[in-house]
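The structure under discussion appears below in the form of structure tokens.
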Amino acid sequence: MVRRRYVSVSLVLGLALLLASSAALPSPQETAEKRPKDQAEYELINKVYKETDPLTKLQYISEWSEKYPSSDYWSDRLRLAMRTFQQFGDGKSAVRVAQALLDEFPGDFEANFTIATLTPSLDSTGATVLSTGEEAASSLISAGKPSTLTDDQWGQVKKRVLTTSHQTLGWIHMQRKDNVKAEQEFMQVLDMIPNVAQVSYWLGNVVSAQGDPDKIELALFSFARAAAYSGEGALPDAGRQKVHEHLKVVYREFVGSEVGLAELMELASSRPLPPFDLKIQRQETSPQVAEASDGEFDFRRARWSQSLAEVRATEEAAPVEETETALGYAIEVAGFEGIAVYSFIDDKLATAVYNFVEKHSDDSAYLSDASTLAGLLGRKYGSTEGEFVWHNDLYRDDPQKHGLAVSAGHLERIWRWRTPRTDIELKLSGDNFDVSLMIVYRSRELRKIQQEAAISEELDKL
């Protein structure tokens with residue numbers, strides 16, 4: 001999957017340079033408002049300002065704070081620390097210092113900009129992180145030109161400040177699964193700056209997750225934009241390739257083939273949003289009600305009741321696992337890496353599973369992954385809300401902790417579909433903070449044989 005990190009340190013520091021009043025400390029004779037406590041503090045402050053290595057500068061700032069906690073330059077020191085933490089790549093510490101500045105100077109522009117810019121890079125989607133980022137970004141949008149900037153300086157950074165704020169708000173709404181609001185914010189970003197491919201990808205995800213058939217063109221076009229655009233602001237080549245593979249999957253599921261995909265990619269490479277009259281022809285036969293013909297498959301390129309040898313012949317790669325009753329292959333589906341497992345009863349393919357192996361430090365990301373897969377499956381087999389199966393109600397009334405609930409085994413999210421030949425189940429579950437995300441396909445014809453085999457296996461244990 002394409003990751004969510006997009007913060008530009010040079011952008012933050014560039015604005016900081018505009019907001020900074022000077023690059024070096026004035027001499028004690030140049031100001032009557034602020035004075036070093038003594039010559040030693042004056043020399044220490046000058047060392048801080050002149051140092052170019054971020055780590056060394058942070059050490060000097062720490063020394064300055066310890067020796068002169070009540071310095072006349074305490075607020076300057078906070079700003080220097082905030083900027084230097086950004087330069088050093090420690091976003092969490094930069095945000096912590098920015099919050100300290102806001103405690104002393106409510107509405108401080110630089111502090112709000114720092115928080116708004118860094119929020120999506122903090123590797124956290126906790127409620128406090130999201131609400132703090134939302135407050136900072138909203139404040140930037142409503143505040144207008146800061147008093148510390150001239151009209152010319154504001155003209156240089158206004159568009160970037162506003163797009164960063166809307167981009168962060170969109171990202172926050174996306175984490176909260178408020179996909180309509182996220183869509184609105186991302187659209188505003190692309191209206192102002194058309195070459196932010198990461199936002200195009202996010203837009204495709206949040207529109208796709210809505211499951212609105214009237215927005216399918218916007219979703220497909222947005223994925224195509226992220227995959228096809230190669231100028232300034234493009235995704236890295238590896239990211240573009242992953243999005244392209246994901247696009248091919250969802251496009252084939254909707255259209256039935258890749259006819260027209262090249263033309264869509266070419267159009268998307270030249271503009272950030274689709275023309276209002278863009279129409280992508282849907283496949284005429286709905287796969288959720290159509291009887292499987294000789295040319296259709298039940299799972300990947302295999303059909304139920306095929307032998308292990310026949311199924312092995314459908315896969316180009318060598319299996320990573322093989323037993324007398326199962327085959328396993330490393331796969332990537334819709335941008336998710338995992339294992340495809342074929343299971344056989346009496347040498348007949350009866351069950352198949354996509355077991356996704358990607359791990360996240362933030363448990364709520366699993367909910368996002370499951371929602372994305374549910375949206376894709378919903379477009380193919382029909383939309384469904386899915387089930388919330390609660391085993392423990394501890395976090396039930398706190399949506400921000402539903403990811404933790406899954407990890408702890410308190411909550412399962414399940415979506416189900418049925419075709420004439422197959423029962424399909426998407427399941428997100430957890431146990432002892434180990435999360436499992438899988439799609440299970442079961443042959444309806446061989447279901448009775450599966451049940452009898454399961455009973456026989458249990459009897460063997462007695």
Exposure-ranked with fewest Cβ neighbours within 10 Å first, GLU245, GLU66 stand as GLU66, GLU245
Sorting check: for 71-78, 234-241, 436-443, which peptide has the highest mean count of neighbouring beta carbons within 10 Å, and how do the rest follow? 436-443, 71-78, 234-241
So how tilted is helix 109-118 from the main axis of the chain? Cα-based, degrees 0 to 90, rounded to 10. 30 degrees
Sequence-distant or interchain residues sharing an amide H contact under 5 Å with GLU358, placed H: which? GLU337
Sequence-distant lysines (8 or more away, or on other chains) whose Cα lies within less than 23 Å of LYS145: LYS158, LYS159
If we sort 260-266, 376-382 on the protection proxy, mean other Cβ atoms within 10 Å, highest first, what's the order? 376-382, 260-266
From the backbone phi of the stretch 235-249, what are the Karplus-calculated ³J(HN,Hα) couplings (6.51 cos²θ - 1.76 cosθ + 1.60, θ = phi - 60°) in whole Hz, Gly and Pro given as x? 5, x, 3, 5, x, 4, 5, 4, 5, 4, 5, 4, 4, 4, 5
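About the Cα centre of the chain, what is the dipole size in debye to 20, counting +1 per Lys and Arg Cβ and -1 per Asp and Glu Cβ, all else neutral?
Dipole magnitude for the chain comes out near 820 debye.
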So the angle from the long Cα axis of helix 364-381 to the longest Cα principal axis of the chain, reported in degrees to the nearest 10, equals 40 degrees
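Once fully extended, how much extra length lies between GLU43 and GLN153, figured as 0.36 nm per residue of separation less the alpha-carbon to alpha-carbon distance?
That works out to 36.5 nm of additional length.
No value in this document is a laboratory result; all are computed from the given coordinates. A quick note: this is a predicted structure, and the numbers were derived from the prediction, not measured. So basically every Cβ, Gly included, is an ideal-geometry build from the backbone, and we count neighbours across all protein chains shown.
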